[in-house]
Amino acid sequence: MNDHPHHFDETEREAVYRAIRERRDMRHFQRGGRVPEVVLQRLLAAAHQAPSVGLMQPWRIIRIRNPALREAIHALVNEERRRTAEALGVRGEEFLRLKVEGIREAAELLAVVLAPDDGTVFGRRTLPREMALCSAACAIQNLWLASRAENLGMGWVSLFDPQALAERLHLPEGALAIALLCLGPVEGFYPRPMLELEGWRQARPLTEMVFEDRWPETQGSGDGPG
Ligand SMILES: Cc1cc2nc3c(=O)[nH]c(=O)nc-3n(C[C@H](O)[C@H](O)[C@H](O)COP(=O)(O)O)c2cc1C
């Protein structure tokens with residue numbers, strides 16, 4: 001047995017893999033559920049422990065507390081949902097039948113914003129915007145996994161016009177909202193990605209994603225008309 005303080009034992013390791021395996025993007029929430037403040041603070045701390053390029057910590061998190069603001073955000077998402085259905089062409093009607101957000105029902109609504117660029121160079125000279133974005137996504141993934149371990153559901157909603165959301169949230173020039181996170185108690189977790197359960201799309205196996213030495217000759221395709 002290894003009792004070094006940095007060592008994960010088998011039970012701890014399995015718990016980490018289980019959170020990864022059983023994390024789901026959730027759109028169905030318990031109505032009237034709540035997230036205790038102490039839990040929310042643990043989750044926010046988990047997000048804030050994410051890696052970031054050059055330690056720039058580009059994430060900003062806005063907790064939506066005003067019910068009228070939440071309604072307005074819901075309307076923005078609905079508008080984008082409609083536009084997405086149009087863009088999907090023949091699959092538009094099918095898309096409209098999917099539940100793609102839980103903004104009204106979730107106990108908490110968090111907007112994750114990429115802060116205006118602070119000029120960090122280390123690690124992002126060639127891909128500045130992308131590396132900041134990746135760092136903020138790491139924070140969101142931490143929050144997602146920690147939520148699962150807290151037995152709370154989380155759903156990432158990206159169906160919004162960033163300019164319209166920026167206005168609602170009074171974002172400064174150069175800031176970009178990248179996620180609306182619905183968070184809260186759920187009745188149960190989907191056993192598989194909801195998009196699979198609904199027959200929208202099937203996940204592809206790892207073996208199709210890992211290559212050796214070069215990009216292979218065949219590639220997969222998306223969900224849209226083009
Ligand atoms: C960047 C990003 C944006 C997403 N946006 C939405 C969204 O707007 N609405 C939605 O229902 N799901 C959204 N999802 C969830 C994905 O559909 C989901 O992760 C995927 O189907 C796999 O399911 P799983 O997360 O349960 O494994 C988003 C996920 C990511 C990573």
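The values are calculated or read from the model by the stated rules, or taken from the named source; none is laboratory data. Predicted model only: the values in this text are computed from it and were never measured. Quick reminder, even Gly has a Cβ in these numbers, built from the backbone with ideal geometry, and neighbours come from all protein chains shown.
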Residue count, the stretch 150-165, condition more than 13 Å from the ligand (Cβ to nearest atom), buried (at least 18 other Cβ atoms within 10 Å of the Cβ) and assigned to a helix (DSSP H, G or I), comes to 0
Restricting the stretch 177-192 to residues that are more than 8 Å from the ligand (Cβ to nearest atom) and not in a strand (DSSP E or B), the residue that is surrounded by the most Cβ atoms within 10 Å (Cβ to Cβ)
Val186
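Please indicate, with yes or no, whether at least one residue in the stretch 42-50 is within 16 Å of the ligand (Cβ to nearest atom), at pLDDT 95 or above and assigned to a helix (DSSP H, G or I).
yes
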Could you give me the residue pairs with C-beta distances under 7 Å whose first residue belongs to the stretch 37-50 and is touching a residue at least 60 places away in the same chain (Cβ under 8 Å), whose second residue is of a type in the set (Asp, Glu) wherever it lies, and which are 6+ apart or on separate chains?
Val39/Glu150; Leu40/Glu108; Leu43/Glu150
Being surrounded by 11 or more Cβ atoms within 10 Å (Cβ to Cβ) and away from the ligand (no atom under 16 Å from the Cβ): is that true of Pro225 here?
no
When you check Ile73 against the structure, is it surrounded by 15 or more Cβ atoms within 10 Å (Cβ to Cβ), under 19 Å from Ala177 (Cβ atoms) and touching a helix residue (DSSP H, G or I) at 6+ places or on another chain (Cβ under 8 Å), yes or no?
yes
